[in-house]
Amino acid sequence: TIRSKHLDAITHTFLSIIKAARMNVDIFHIHGVGPSLLAWLPKILRPKAKVVVTFHCIDRHHQKWNFIARTMLQIGEWMACKVPDATIAVSKTIQDYCHMGYGANAIYVPNGTPIPLEGADPSHLEAFGLTPYRYLMMCARLVRHKGQHTLIAAWKTLQKTRPELTENIKLAIVGGSSFTDGYVEELKSMTKDDSSIIMTGVQTGEPLKSLFTHSYAAVHPSVSEGLPIAILEAMSYGKCVLSSDIPENLEITEENGLSFRRDDISDLAQKMALLLERPDVVSSVGTDARAFVAKSYD
């Protein structure tokens, strides 16, 4: 691939399609509206094969893209809905968008997550200076539409207005850059004088499992999603999730989580205060959330 924000996905997709065609595959499965710009290519290289596209998210709404990139992503949306033999939507919100915007009868196949059945070693938390059940957690790529800056601002507001609630509580932000180094530097600048905010970087495997398992609750303040796997993961661990009230989040959290008004720092701070004041609510909602994910998204 060509490692740049604008060329990484599309060059990888092109080379993957070429390789798959040489392997005489029967089905090409393309993920995302950006790579869908090449949904026509398999039909030329291997006409007898079927092409399936999964529409994960309305990527052109993400702030990191310029006008040209957003235009190309919108063309990719059209391709994703018009060119393949079948289009999959990962959420009912995306399914409706495909139908209303492009007249496509997308098939609803939601994102999913396994249900953890074993505990996790809390010793992994020591590297981050975290104590079990004494931190709120957010897990997402460090890109502006995920809303880490909103969360940090709300946390600082809560520290000023309700210091008794945040004493000995930390905020763990898990994730790394996605060609968004400028935004990462902005977040580091916001957190440099606050030892209660821990930027863990990218985590996988046992450390990530431990971070989810031993968190008090999870927060997800994004302004654009498809069907957020990070929320499903947190719920699968039995965590109460506080999410922004965008439709894609509410599809999961409206009846099995808590929500706040998107981009509203004050409302987010108030809802985080509720989390810290009511451990009984956090426990009850988390238990129901785990059962909900096990039933509908495993």
Which of (1) more than 22 Å from the chain's Cα centre (by Cα); (2) surrounded by fewer than 19 Cβ atoms within 10 Å (Cβ to Cβ); (3) farther than 17 Å from I88 by Cβ; (4) not aliphatic (A, V, I, L, M) is the odd one out, the single condition K64 does not satisfy? (1)
Just to be sure, is F28 without any contact (Cβ under 8 Å) to a residue 12 or more places away in the chain, of a type in the set (A, V, I, L, M, F, W, C) and more than 22 Å from G147 (Cβ to Cβ)? no
Across the range 271-282, which residue is most open to solvent (accessible area, probe 1.4 Å) among those that are in contact (Cβ under 8 Å) with a residue 24 or more places away in the chain and more than 15 Å from G238 (Cα to Cα)? E277
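Mind checking which strands (runs of 3 or more DSSP E) fall wholly inside the range 81-188 and carry at least 2 residues that are open to solvent by less than 70 Å² (accessible area, probe 1.4 Å) and over 19 Å from D59 (Cβ atoms)? Break it down stepwise before answering.
Values: elements: 86-89, 135-139, 170-174.
Once the strands (runs of 3 or more DSSP E) in the range 81-188 are filtered for at least 2 residues that are open to solvent by less than 70 Å² (accessible area, probe 1.4 Å) and over 19 Å from D59 (Cβ atoms), what remains is 135-139, 170-174.
Just give me the residues in the range 190-203 being among the hydroxyl-bearing types (S, T, Y) and open to solvent by less than 70 Å² (accessible area, probe 1.4 Å), in sequence order. Don't jump to the end; show me each part of the working.
Step one: filter the range 190-203 for residues among the hydroxyl-bearing types (S, T, Y), giving 191, 195-196, 200.
Residues satisfying the conditions are T191, S196, T200.
Quick check: anything in the range 243-255 open to solvent by 10 Å² or more (accessible area, probe 1.4 Å), over 30 Å from A89 (Cβ atoms) and not in a helix (DSSP H, G or I)? Spell out how you get there, then give the answer.
Within the range 243-255, the subset open to solvent by 10 Å² or more (accessible area, probe 1.4 Å) is 245, 247-248, 250-251, 254-255.
Subset that is over 30 Å from A89 (Cβ atoms): none.
No: zero hits.
Scan the range 256-269 residue by residue and report those that are open to solvent by less than 20 Å² (accessible area, probe 1.4 Å), more than 17 Å from the chain's Cα centre (by Cα) and in contact (Cβ under 8 Å) with a residue 12 or more places away in the chain. Spell out the reasoning first.
At the first step, the residues of the range 256-269 found to be open to solvent by less than 20 Å² (accessible area, probe 1.4 Å) are 257, 260, 267-269.
Subset that is more than 17 Å from the chain's Cα centre (by Cα): 267-269.
Across the range 256-269, the qualifying residues are L268, A269.
The values are calculated or read from the model by the stated rules, or taken from the named source; none is laboratory data. Worth saying up front: this structure is predicted, and the values here are computed from it rather than measured. Note that we place each Cβ from the backbone using ideal geometry, even for glycine, and neighbour counts take in every protein chain shown. Remember, those area values only see protein heavy atoms, side chains included, never the ligands or the DNA or RNA. Shrake-Rupley method; radii C 1.70, N 1.55, O 1.52, S 1.80 Å.
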